[in-house]
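The values are calculated or read from the model by the stated rules, or taken from the named source; none is laboratory data. Just so it is clear, the model here is predicted, and its values are computed rather than measured. All Cβ positions, glycine included, derive from the backbone under ideal geometry; neighbour counts span all protein chains shown.
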Amino acid sequence: MDMLIPWTKVWAVVITGLVVVFLALVLLIIFVSIFGKVFSGIAEREKAKSKPADVPAVNITKPAAPVQVPAASAEDDNEVIAVISAAVAMMAAKDGKNYAVKSIKRKGNGRGQAGSVWGAAGQRENTLPF
């Protein structure tokens, strides 16, 4: 029982399959782009609602109180202090208030120890700049 399928039917199935797949992809692209526009419009309206009408001007050029730097033996400590001070300055700019960093102290792990050498090496390796 040898059944032969005519080539016209084979090509009709192939072309129909390709048309259906690409039509579904085009509809999916349209669907996703419409949802993106809808949600971005909602986000813009929410942002406009939450934005205060009168935002006071913030003068960031005022010098803050000097930072008391604990005795540090490594350059990394100075970088950490600079990052903490920059974060505090950004918070001050956002709130419209003046904050000052008075001191920075290291916090132990709760056991009265600085931690293991392997843990410190892992932290140092994972937090180094690129």
- Task: Being modelled with pLDDT of 80 or more and not hydrophobic (A, V, I, L, M, F, W, C) is the filter here, so list the residues in region 121-130 that pass it.
- Result: Gly122, Gln123, Arg124, Glu125, Asn126, Thr127
- Message: If a residue must be at pLDDT 70 or above and either of a type in the set (Gly, Ala, Ser) or touching a Cys at 6+ places or on another chain (Cβ under 8 Å) (or both), how many such residues does region 88-120 contain?
- Response: 9
